[in-house]
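Report on one structure; see the data block that follows.
The values are calculated or read from the model by the stated rules, or taken from the named source; none is laboratory data. Just so we're clear, the structure is a prediction, and the values are computed from it rather than from any experiment. Backbone-built Cβ (ideal geometry, glycine too); neighbour counts: all protein chains shown. For accessibility, only protein heavy atoms count, side chains too; no ligands or nucleic acids. Shrake-Rupley method; radii C 1.70, N 1.55, O 1.52, S 1.80 Å.
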Amino acid sequence: MLNIQLAATAVIQQVLSNGRNLNQALDEALRGKSAWTSAQRAALQDLSYGTLRFHGQLRAVLDLLLHKPLTDERVRFLLLVALYQLQYGKSAQHAVVDNAVRAAQTLNIRASGLVNAILRNFLRNRASLLERAVQGEEGRFSYPQWWIDELRAQYGERSAAILDEGNRHPPMALRVNRRRGTAADYLALLAQQDISARLIEDDSIGFGALLLDKPVPVDKLPGFFDGLASVQDAGAQYAAHLLDVHDGMRVLDACAAPGGKTAHILENAAVQMVAVDKDEKRLQRVAQNLQRLGLSAQLVAGDAAAPEKWWDGKAFQRILADVPCSASGVVRRHPDIKWLRRRADIAGCAAQQLDILRALWRLLAQDGKLLYATCSVFRQENEQVVAAFLAQQPDARHLPVVLPENENGQLLPDERHDGFFYALLQKI
Ligand SMILES: C[S@@+](CC[C@H](N)C(=O)[O-])C[C@H]1O[C@@H](n2cnc3c(N)ncnc32)[C@H](O)[C@@H]1O
């Protein structure tokens with residue numbers, strides 16, 4: 001446990017102090033640890049995700065326990081990790097404390113006595129400390145105050161449920177490759193492997209995502225490497241259906257990587273697909289995903305906001321603009337986002353999104369449809385971008401989207417899917 005605590009401390013420091021994203025920080029922490037078992041890797045992931053998921057609450061508790069500021073920030077990060085383990089983990093409490101003391105010694109931070117005292121104080125006074133910690137909103141919700149204020153201004157009383165949902169473990173959903181079989185066929189294959197799952201049926205749009213009762217590693221999914229199914233949130237699976245693609249159409253996926261929606265569109269219809277992404281490295285993941293699924297597309301490294309650099313001048317009948325966004329609808333999958341985003345980033349995202357939307361509109365054929373998508377719950381990136389676009393684009397018509405439980409295309413995160421926004425625009 002000692003090494004895992006130390007590695008998690010380094011991950012949390014990378015994210016909270018150096019602004020690194022969690023996946024990169026985890027990759028870095030695991031470099032040179034090829035001897036670690038999958039259980040050790042999973043434990044590091046759990047400590048890192050969990051500490052960030054509940055950072056607001058853990059920080060509030062720690063602030064109550066500290067009588068003066070810490071001089072070495074690594075002590076703070078180590079204590080946050082250990083508090084997470086004591087409050088949410090399954091390890092024996094004395095082992096967590098003993099290991100944290102040894103971790104402090106290993107880090108040579110001359111704070112092992114303090115670490116011991118603080119963690120034991122927490123164990124003695126846990127109930128009252130937690131009660132006091134949740135009196136402040138950052139302690140209660142574990143989000144920065146600006147995020148809490150923003151959601152409250154936009155969603156009123158419903159904001160508490162949205163915030164709490166973002167602190168739950170996300171569901172694992174599968175998309176069945178309909179070229180290779182039906183959802184019912186795949187459910188039967190899962191049952192043979194004792195993987196229990198259910199179909200989220202949605203007759204209104206005629207598709208079904210599969211929801212697993214418990215997440216499993218992809219290599220345990222039957223036929224995964226043969227392209228029978230993919231891991232994709234059920235909310236993301238609406239995109240291909242809303243886009244209403246038919247065989248032979250020319251389709252642009254303008255922000256395509258890692259290619260989940262590109263592949264889904266290609267599974268639904270035999271279209272001529274151009275998949276663009278600004279990030280060349282991420283574009284390789286599109287290629288890998290398509291190869292696994294036996295699909296193909298023209299892949300282009302390019303900027304969706306500057307299509308004159310890569311567009312061949314032939315109009316597209318369908319365009320998917322799954323634009324870069326704050327990712328505020330998927331925080332339960334990326335809890336680092338809560339602490340890395342700044343309030344001003346939201347306006348920056350919205351400006352970039354509007355630029356992309358305007359640039360792509362020129363590429364759309366008459367009567368063609370463009371689906372604008374984000375995984376955000378902030379209205380600035382969603383309906384406000386669309387409203388600003390429509391105000392200046394008289395040849396654009398906003399079509400209704402047929403989705404369950406949505407409000408003008410806004411899906412809120414729940415036990416079945418993440419938070420998404422969809423707007424379908426037609427060129428008239
Ligand atoms: C939300 S992700 C797309 C997810 C993808 N559609 C899927 O379903 O797998 C946004 C993508 O936009 C890319 N991106 C960001 N800015 C871009 C730009 N100006 N032009 C093209 N791609 C961009 C990012 O590299 C990222 O891969």
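A few comments on the model shown:
- Remark: C-alpha extents of region 91-155 on the principal axes read 47, 25, 20 Å, sorted largest to smallest.
- Taken along its principal axes, the alpha carbon cloud of region 96-231 reaches lengths of 61, 43, 23 Å, longest axis first.
- Euclidean distance of C-alpha centroids, region 110-180 and region 362-379, integer Å: 33 Å
- Probe 1.4 Å, protein heavy atoms only - accessible area per residue of region 195-277 in square angstrom: 35 Å²
- Taking the protein heavy atoms of the chain in the context of the full set of protein chains, the accessible area attributed to carbon and sulfur is 48 percent at 1.4 Å.
- Extension gain for residue 180 to residue 282 (0.36 nm times residue separation, less C-alpha to C-alpha distance): 34.1 nm.
- In summary, the aspartates and glutamates within cross-link reach of residue 309, defined as a Cα separation below 18 angstrom excluding same-chain residues under 8 places away, comprise 253, 277, 279, 280, 355.
- Cut-off 17 Å (backbone N to label point 7 Å along Cα→Cβ of residue 312), residues of region 233-275: 248-254, 271-275
- Student exercise, region 381-428 dipole from Lys, Arg, Asp, Glu Cβ charges, in Debye to nearest 20: 340 debye
- Net charge dipole size for the chain [Lys, Arg +1 and Asp, Glu -1 on Cβ; Debye, nearest 20]: 1280 debye
- Volume of the Cα convex hull of region 86-129, divided per residue and given in Å³: 70 Å³
- Taking a ≥ b ≥ c as the square roots of the Cα gyration tensor eigenvalues, region 235-427 comes out rounded, since a/c falls below 1.5.
- Positive-end residue of 319, 410, 94, charge dipole of the chain with Cβ unit charges: 94
- Within straight-line cross-link reach of residue 220, lysines at Cα separation under 23 Å, skipping those fewer than 8 residues along the same chain: 261
- The residue among 183, 228, 216 whose Cα reaches farthest toward the positive pole of the charge dipole of region 172-232, with charges on the beta-carbon of Lys, Arg, Asp and Glu, is 228.
- Region 289-418, dipole about Cα centre (Lys/Arg Cβ +1, Asp/Glu Cβ -1), debye to the nearest 20: 200 debye
- Positive-end residue, the chain charge dipole about Cα centroid, Cβ charges, pick of 273, 304, 15: 15
- Counting 0.36 nm for each residue step from residue 301 to residue 383 and taking away their Cα separation leaves a gain of 26.7 nm.
- Debye intensity ratio I(q)/I(0), log10, the chain, q values 0.14 Å⁻¹ (C-alpha model): -1.30
- Loop sites in region 147-216: trypsin sites (Lys or Arg not before Pro), DSSP, at most 15 other Cβ within 10 Å: 168, 178, 179
- Among the trypsin sites (Lys or Arg not before Pro) within region 1-91, those in coil by DSSP and having at most 14 neighbouring Cβ atoms inside 10 Å are 31, 33, 90.
- Volume per residue that the Cα convex hull of region 172-232 spans, once the total is divided by residue count, Å³: 73 Å³
- Under DSSP loop assignment and at most 12 Cβ neighbours within 10 Å, longest GluC sites (Glu not before Pro)-free interval of the chain: 1-404
- Note on region 2-141: percent of Cα-Cα distances in each 10 Å bin, starting at 0 and stopping at the bin with the largest distance, equals 12, 45, 35, 7, 0.
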